[in-house]
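The values are calculated or read from the model by the stated rules, or taken from the named source; none is laboratory data. Not measured: the values here are computed from a predicted model. FYI the Cβ positions are ideal-geometry reconstructions off the backbone, even for glycines, and counts take in every protein chain you see.
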Amino acid sequence: MSVSRKIIIDLTESMAKVDVPVQFQGEFQLDADLLQYPNAKLEKILVDFDVTFENPIVFVEGEITCVVSGLCDRCLQQITHKQFVLPFQQEFFKDFADDDSYVYCDSKLDATKAVQDEIVLSMPTNLLCKEGCKGLCPKCGADLNTQQCSCDTAKPNAFSVLKNLKL
Ligand SMILES: [Zn+2]
Ligand SMILES: [Zn+2]
């Protein structure tokens, strides 16, 4: 299985069997900066789709698995090959559609844009090493998941107030 940057689904088999789902699987390398994590990248994605030709609409349903590596947003721990499984469901229209819809041409369906849109929409906005990661102490930098420090961080200082305003 070669790794491609575009998700092109060949519809020949689906078109020969109207209303019968045909499996489409693959591994793809999309734009690594698709996700806006400050210290992590989208390594690759795996798709597992059922592609059904419902003349003339093509219905694609299945899962996108995003593999992410980098650093936790809060504690900067290394995260390696973390997997996120996103459900995917999309209609593709023949040749022409309004701006909000996706299209296919002839027997080729380019699902790249639809899959990218789904990833941007559905992936968590923060990348954390684990749910409820406590992060680093803003004063001394201690990893609060593994140790406690004696800093007084109860009151927000001017810096953290500014930071919150920016968000
Ligand atoms: Zn963390
Ligand atoms: Zn501290």
Pairs only if they're at least six apart or on different chains, beta carbon under 6 angstrom, first in segment 69-85 and near ligand 1 (Cβ under 7 Å from one of its atoms), second small (Gly, Ala, Ser); list them, first residue then second.
74/135; 75/135
Since residue 63 meets every condition but one in (1) without any contact (Cβ under 8 Å) to a residue 60 or more places away in the chain; (2) over 14 Å from the mean Cα position of the chain (by Cα), which condition does it not meet?
(2)
Sort out which residues of segment 100-156 are in a loop (DSSP other than H, G, I, E, B), in contact with an Asp or Glu (Cβ under 9 Å, 6 or more places away or on another chain) and either within 14 Å of ligand 2 (Cβ to nearest atom) or more than 30 Å from residue 25 (Cβ to Cβ) (or both), and write them in order of number.
133, 134, 135, 137, 139
Can you find a residue that is under 14 Å from the mean Cα position of the chain (by Cα), modelled with pLDDT of 95 or more and hydroxyl-bearing (Ser, Thr, Tyr) anywhere in segment 18-39?
no
Just give me the residues in segment 56-99 being at positive phi and either part of a loop (DSSP other than H, G, I, E, B) or charged (D, E, K, R) (or both), in sequence order.
76, 95
Tell me, yes or no, whether segment 24-37 has at least one residue that is at positive phi, within 16 Å of ligand 1 (Cβ to nearest atom) and touching a residue at least 60 places away in the same chain (Cβ under 8 Å).
no
Does segment 17-36 contain any residue that is under 26 Å from residue 130 (Cβ atoms) and in contact with a Gly (Cβ under 7 Å, 6 or more places away or on another chain)?
no
Selection within segment 11-55 - small (Gly, Ala, Ser), within 18 Å of residue 125 (Cβ to Cβ) and part of a strand (DSSP E or B):
40
Hey, residue 135 in contact with a Cys (Cβ under 6 Å, 6 or more places away or on another chain), within 16 Å of ligand 1 (Cβ to nearest atom) and at pLDDT 90 or above or not
yes
Log entry, pairs with first residue in segment 134-150 being farther than 10 Å from residue 74 by Cβ, second being exposed (fewer than 14 other Cβ atoms within 10 Å of the Cβ) and hydroxyl-bearing (Ser, Thr, Tyr), beta carbons closer than 9 Å, six or more apart or on different chains, reads 137/153; 138/153; 138/160; 139/153; 140/150
